[in-house]
Amino acid sequence: MDLVSATVLAALASGAGGEMGRQAWAALTSLVRSRRRSTDSGDFSALPTGEQELDELEVAPADSEAAARLAAVLRRRAEADDEFAADLTKLLAPVTPDFSQVNNSISGTVSGTAIQGRDFHGPITFT
C-alpha cells in the first residue's frame, strides 16, 4: 500500500499539516485502536494491531525507525483486511503528497549551482 509512508506518519505525529494533520493523526489513532474482528474471510486477531508502534511514534515523532515500524504494521493489516485498507486509504490520501508530477522553478537572482529534478539516485558531484 503506497499511501503508508513512514515519512507521512512521522509528519502527522509531529503535528505537521496544522489542523488537517492533527485531525488525520486523531483519525489514524482511532482506526488503529478500532476493534479487531474475525470474519469468514479470516481471523485478524493474529495480526499486530499497531497500537504499540503508534504509541512509540506519538512519544517520539522524530524517530524514523518507529515510523517505519508503524508503517509496516499498517501495511500488514491493510493487506489482510480490505475494510481496514479502505479506511486507511480514505484517511491518508488527503495528507499524502503526490510526487507523480514535478514542477521545478527558480525565480529571482540565483548565484551558484542549482539542481532540479525528481527521484535522484546516487551521488551528485560538482567539478
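Can you tell me which of (1) more than 17 Å from A10 (Cα to Cα); (2) at pLDDT below 90; (3) part of a helix (DSSP H, G or I) is the one L91 doesn't meet? All conditions pass for L91, except number (1). Of the residues in segment 64-71, none is farther than 17 Å from A24 by Cα, exposed (fewer than 15 other Cβ atoms within 10 Å of the Cβ) and modelled with pLDDT under 90.
Mind listing just one residue for me: the one in segment 3-26 that is closer than 14 Å to A72 by Cβ and part of a loop (DSSP other than H, G, I, E, B) and, of those, modelled with the lowest pLDDT? Residue satisfying both the conditions and the ranking: L3.
Of the residues making up segment 41-50, one or more are within 22 Å of A68 (Cβ to Cβ), surrounded by 13 or more Cβ atoms within 10 Å (Cβ to Cβ) and at pLDDT 90 or above.
The values are calculated or read from the model by the stated rules, or taken from the named source; none is laboratory data. Quick caveat: nothing in here was measured; it's all calculated off a predicted structure. Note that each Cβ is placed from the backbone with ideal geometry, even for glycine, and that neighbours are counted across all protein chains shown.
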